[in-house]
Structures are given as C-alpha cells and as structure tokens.
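Take a look at the structure below.
The values are calculated or read from the model by the stated rules, or taken from the named source; none is laboratory data. None of the values given here were measured: they were computed from a predicted structure. Because the Cβ atoms are built from the backbone with ideal geometry, glycine has one as well, and the counts that use them run over all protein chains shown. In case anyone asks, the SASA skips ligands and DNA or RNA and just uses the protein heavy atoms, side chains included. Shrake-Rupley method; radii C 1.70, N 1.55, O 1.52, S 1.80 Å.
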Amino acid sequence: MTESELQRKRAANRRSEHPAREGKMQTALNHMTVPNIGYVAFLDLAAKLGCVGVEVRNDIAHALFDDLNPAEAGRIASDKGLRLVGLSQVYPFNDWTAERKVAVEALIATAKASGAETISLIPRNDGTALGNGERQANLRIALKGVLPLLQDAEMTALVEPLGFQRSSLRSKTELVDMIASIGGQGHFKIVHDTFHHALADGGPIYPEMTGIVHISGVVDPTLSVGQMEDEHRVLVDEKDRLGNIEQIAALLAAGYDGPISYECFSPEMHQHADPYSEIKRSFDFISSQIQAHAV
C-alpha cells in the first residue's frame, strides 16, 4: 500500500470513528483565510481549532506545501489528525485546452501523492463567455475532458460556481444538470459557497451533490450585493449580511454532513494578530446559532 493510500485509509478510519451527528458542523480551514502563515503553522492552527481538515492552495504567496514533498506534507497533516479535504486549484477550467488538461493532470497527481481527497476547479471569471449556449457548451466540453482523468485516478473534483455577474458559471442548477448529463455524479461535486450563493440570488441547494461548504461573511452595511467582492469577505458574526446561518442550517437539515470550511479573502482578516481567537469566536457563534435553529 502506498503512503497516499495509507493516508486515505487513516482519514476514512477517523471519519468512521467520529461520524457527523445530525446538525453538527465538521469545521475545516482554507489556507486563504490565513495566507501569511506557513503550511505547518496552518496545520497547527486548524488542529487547535478542532477542524477535521484543511484546504491547501497553489495561488497564495507561499509555495504549495511550502515546497515539501507532497507525500511528506500529507503525512504531517495526518499525524496532526487532519484530512487534506481539498487541493486548489485549476483556473479557468471551463476554457478547456491542452494546457488546462496538463494542469488538471498535475493537480490530480499532487493530490494522489499527498492523500488529498479532492481537487478544485474554478470557472472563468473575467466577463467573457457569458452568453446563453456558449457558457453551457464550454462547461460541457470541460467536464467531459476532466471526467476520464478523474475516473483513471479515482479522484473527485469540486467545481465552484461563482456568483459574480462576470462569472461564466453562476448557477448550481446549471452545473448539477450538466454533471448529470455526462454521467459524472461519481466524480464531480459542487462547492456551496455562502458568499457566492448570496451573490447569485440564492436558489436551490443540492446537499447530495455538495462536496464542501465555504463560509465567509460580509458585514459592511454600505455595500449593495452587486458591490460585494472577495476583499469584503470576513468572519461571520451577528452583523453578517449573507445569511450564513440560514444557509448552513438548511444544508445540515437536508442531510449535508461534510466539511464547512472558512474561506476569507479580506486583507483585514489576513492581518489579524491572533487568528485563532478570532476564528474560534466565529465558529462558536455559528455553532450556537445553528443549535438554536435546530431546536
């Protein structure tokens, strides 16, 4: 058995030993929330917060895994009791080219070596390829190109609809329907991002197709929804305008039992001197509110 297979087996054992209880959050941490700290410090923070796992990224100032060998990076996470629940990212995946295929293959190989459970695919977000018909065709081509790579590797890809008006993939329904049309349900899951869900005017949720939930809040009262950007994404508290509590409660009530991962892009968050206390306070706030909803 390879090292990555051992890591996956240990992660599966941890999940079976500690199954999610109805209405109970499994928390995780995305490195974008604290991009200024190194990989091992990031793992230590997630473990101290009681997270089940982490999402690591190739688009922050730190090199992926701080240039550690992926197998070693995965072992360190596993030894700290953490799963690598996600490895980000390929962008823009729905502009499918030979270059994009190579990028997906490389990310899959890194995920397999490290024991990461999923890879992340992000759609074009520059105001192009938005037309009805064009965007669906591009999505279908990309999903059909990625699917055999996932099948060969026995890997899952998380696809994230972005709620911005400039995004080429805003609709969860459009994505779920397209995945079903190519028979990709076994290898594609969607990201439910509370920020992007709010920007896309809400709509149906798909707990059975959701692989991870990203959370962040917007608290600035002066912004219209159309003005909200990544830079405004902070921790969730009582001033949150995105309906995080309602979204999380609805997903849990509908049977979702996967990771709920903090993904904050705000420079304000990145400059916190004590991210542990701030994130813990927010997680505790969310948990208390979720429990109140469940009563």
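Please tell me if E268 is among the acidic types (D, E), open to solvent by 50 Å² or more (accessible area, probe 1.4 Å) and modelled with pLDDT of 95 or more. In short, no. So, in the range 56-98, of the ones that are of a type outside the set (S, T, N, Q) and closer than 19 Å to S168 by Cα, which residue ends up most open to solvent (accessible area, probe 1.4 Å)? It comes out as Y91.
Which members of the range 243-256 meet the condition of being crowded, with 18+ Cβ neighbours inside 10 Å and part of a loop (DSSP other than H, G, I, E, B)? Y256, the sole residue that qualifies. Candidates are the residues of the range 107-136 that are of a type in the set (A, V, I, L, M), assigned to a loop (DSSP other than H, G, I, E, B) and touching a strand residue (DSSP E or B) at 6+ places or on another chain (Cβ under 9 Å); the one that is farthest from G86 (Cα to Cα) is I122.
When the range 272-282 is filtered for residues that are open to solvent by 10 Å² or more (accessible area, probe 1.4 Å) and at pLDDT 95 or above, the ones remaining, listed by number, are D274, P275, Y276, S277, E278, K280, R281. Checking each residue in the range 225-242 for being in contact with a Ser or Thr (Cβ under 7 Å, 6 or more places away or on another chain) and either open to solvent by less than 40 Å² (accessible area, probe 1.4 Å) or of a type in the set (A, V, I, L, M) (or both) picks out R233, V234, L235, V236, L242. Is there a residue in the range 40-53 that is in contact with a Ser or Thr (Cβ under 6 Å, 6 or more places away or on another chain), within 23 Å of K189 (Cβ to Cβ) and of a type outside the set (K, R)? Within the range 40-53 (the criterion being in contact with a Ser or Thr (Cβ under 6 Å, 6 or more places away or on another chain), within 23 Å of K189 (Cβ to Cβ) and of a type outside the set (K, R)), the answer is yes, since at least one residue qualifies. Filter the range 109-128 down to the residues that are buried (at least 23 other Cβ atoms within 10 Å of the Cβ) and hydrophobic (A, V, I, L, M, F, W, C) and list them by number. Residues satisfying the conditions are A111, A116, I119, L121. Among the strands (runs of 3 or more DSSP E) confined to the range 146-238, there are none with at least 3 residues that are in contact with a Gly (Cβ under 8 Å, 6 or more places away or on another chain) and among the hydrophobic types (A, V, I, L, M, F, W, C).
Residues of the range 110-130 that are out of contact with any Leu (no Cβ under 7 Å at 6 or more places or on another chain) and touching a residue at least 40 places away in the same chain (Cβ under 8 Å): K112, A113, I122, R124, D126, T128. Here the condition is being within 30 Å of S78 (Cα to Cα), of a type in the set (A, V, I, L, M) and within 17 Å of the chain's Cα centre (by Cα); of L147, L158, L175, L162, it holds for L158 alone.
The residues of the range 178-198 that are open to solvent by 20 Å² or more (accessible area, probe 1.4 Å) and out of contact with any Ser or Thr (no Cβ under 9 Å at 6 or more places or on another chain), listed by number, are M178, A180, S181, I182, G183, Q185, A198.
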